[in-house]
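K.L.:
The structure that follows is given in the form of structure tokens.
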Amino acid sequence: MKHIVIFTQSPISKAPRVVKEANLLARSGYEVTLFAPWYSNEIVTEESLLLNKAIEYRPGSDLISNPLNTFFIKGIRYLCRLSVKLFNIQTKYALGYDYYSYLQRLKNENADLYIGHEEMSLALAKDLIQTGRKVAFDFEDYHSEDLLPKDRRYRPKKLLKEIESFVLINAIYCSTTSKSLANELAMKYNSKCPIAIYNSFYKNEISIENIKRKSNSLVWISQVIGPGRGVELLLDAICQARNSFNITLVGKKDELFCQNLTNRITSNHNLVISEYIPNDKIRSYLANYDLGIAFEQEKPKSRFLTITNKIFHYLNSGIAILATNTAGQIEVSLETENAIKIVSPDAKSIAKALDEIFDNQEILAKMKDSSRHFGQTKFSFETEESKILTLVENALVCS
């Protein structure tokens, strides 16, 4: 049985792409070991329930076993991030917790194939390749061109670009989240073009009889409800629209920002901010809305080129979608006839689009039908599974 090691930087509860890949490979008969940071015993226990029972789940960065050691691990990362900000020191130790120990744990496995995810794993992947391991990498983001400006100050951008180039050229294969990002990476680094694996979700029909929609309902899901993500643009637009809307924002709240949103909303609209929806409930939750909002920005570049989870959540739930004209979102719209309306990122254009959709219920119904169709067919994760299995099979037979 071939042994595959998957390693990532985030808790797997926040990494559905990693979980889907690991479970698929375990179901397909591979011996799978998954490494991720461990933050608490409670979280690890909950995360283990997400995984196929055959998967060996181990800590990459262990922040549980020794409290004193955890203190030093966090302190070292803090100092390394500060050195990037203040002195532009390009160090891989700023990318995540306990880099050296994580690398040693991976080396000890001596697997037939390693698959990395996220930015610290880029550096780990490079070190593994240089020791002769067979390594693949999944570019979930354009790591050297990610995050808002205030967060990029702590990031060793020059180092990330060097590592991206090395991994793209030397990994046994690379994958990413969109054709737009794949083409950009290949052109930027003069490498082979990564394979686009869409971060879609498994199909699961939702009974229309169980859906209880509010009229003129809009929903926006994001990891964080905060500035610089396009929420302000939505509020500016609905203030210019003729229709009244029921708006729900779902994500971790920036309290001050959300309070400002509440103060801005006019009396003819209703705004609700929900902090958390469990993963197993989000599909049926979203299905109760008319239209999902996906307003991505041109900057950072990663957001312009990739396709965020929200688009696939909306398709999976069978609701209409209004999205800004980023390369990644246009890519999906061209493959989902009528499901997604693309707009320019200005309030006037968005207000006009909202009124056109909600003034004509026939248009809205066609968008929902198309979304439901493509979410259960072309953009279900079942379609992506064969791509992953083919990549892995070819990598394992390649010398």
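The values are calculated or read from the model by the stated rules, or taken from the named source; none is laboratory data. Bear in mind that the values here come from a model prediction, so they are computed numbers and not experimental data. Quick reminder, even Gly has a Cβ in these numbers, built from the backbone with ideal geometry, and neighbours come from all protein chains shown. With ligands, DNA and RNA removed, areas are computed over all heavy atoms of the protein, side chains included. Shrake-Rupley method; radii C 1.70, N 1.55, O 1.52, S 1.80 Å.
K.L.:
How much length is gained if the chain between Asn88 and Ser10 is pulled fully straight, taking 0.36 nm per residue apart and subtracting their Cα-Cα distance, in nm to one decimal?
P.N.:
Extra length from Asn88 to Ser10 when fully extended: 25.6 nm.
K.L.:
Calculate the length of the line joining the C-alpha centroid of the range 15-67 to that of the range 302-371, in whole Å.
P.N.:
Comparing the Cα centres of the range 15-67 and the range 302-371, I get a distance of 34 Å.
K.L.:
Nearest 500 deg cm²/dmol is fine: what mean residue ellipticity at 222 nm does the chain get from its DSSP H runs of n ≥ 4 alone, each adding -39,500 (n - 2.57), divided by its residue count?
P.N.:
Computed ellipticity for the chain at 222 nm equals -14000 deg cm²/dmol.
K.L.:
Positive end of the dipole of the range 250-315, charges at C-beta (+1 Lys, Arg; -1 Asp, Glu), about the Cα centre: which of Leu291, Leu305, Pro278 has its Cα farthest in that direction?
P.N.:
Selected residue: Leu305.
K.L.:
Give me the accessible area per residue for the range 1-82, probe 1.4 Å, as a whole number in Å².
P.N.:
Counting only protein heavy atoms, the per-residue value for the range 1-82 is 51 Å².
K.L.:
Give the long-range amide H neighbours of Ile89: residues separated by 5 or more places, or on another chain, with amide H under 5 Å away, using H modelled in the peptide plane at 1.01 Å from N.
P.N.:
Val84
K.L.:
Leaving out ligands, DNA and RNA, and with a 1.4 Å probe, what % of the accessible surface on the chain is carbon or sulfur?
P.N.:
The value for the chain is 51 percent carbon and sulfur by accessible area.
K.L.:
Which value, in debye to the nearest 20, describes the size of the charge dipole of the range 197-297 about its Cα centre when Lys and Arg Cβ atoms bear +1, Asp and Glu Cβ atoms bear -1, and nothing else is charged?
P.N.:
Result for the range 197-297 is approximately 180 debye, rounded to the nearest 20.
K.L.:
Now for a different question. Pairs of Cα atoms under 8 Å, at least six residues apart: use those to get the relative contact order of the range 261-399, whole percent.
P.N.:
It comes to 22 percent, rounded to a whole number.
K.L.:
How do 195-202, 274-281 rank on mean C-beta neighbours within 10 Å, highest first?
P.N.:
The packing order, highest mean first, is 195-202, 274-281.
K.L.:
Next question. My understanding is that a pair violates if its Cα-Cα distance is over 24 Å; which of Lys281/Lys301; Lys301/Lys341; Lys214/Lys299; Lys299/Lys348 do that in this structure?
P.N.:
The pairs that break the limit, which is 24 Å between Cα atoms, are Lys281/Lys301; Lys214/Lys299.
K.L.:
Near Lys252, which aspartates and glutamates are there with a Cα under 15 Å away, not counting those fewer than 8 places off in the same chain?
P.N.:
List returned: Glu275.
K.L.:
Toward the positive end of the charge dipole of the chain, about the Cα centre and with charges on Cβ (Lys, Arg +1; Asp, Glu -1), which of Ile169, Ile321, Ala365 goes farthest?
P.N.:
Looking along the dipole axis, the top candidate is Ile169.
K.L.:
May I ask you to give the solvent-accessible area per residue for the range 205-294, in square angstrom, as obtained with a 1.4 angstrom probe?
P.N.:
Here the residues of the range 205-294 average 51 Å² of exposed surface.
K.L.:
Applying a 10 Å radius around every beta-carbon, put 59-65, 252-258 in order of their mean neighbour count, most first.
P.N.:
Sorting 59-65, 252-258 by mean packing, highest first, produces 59-65, 252-258.
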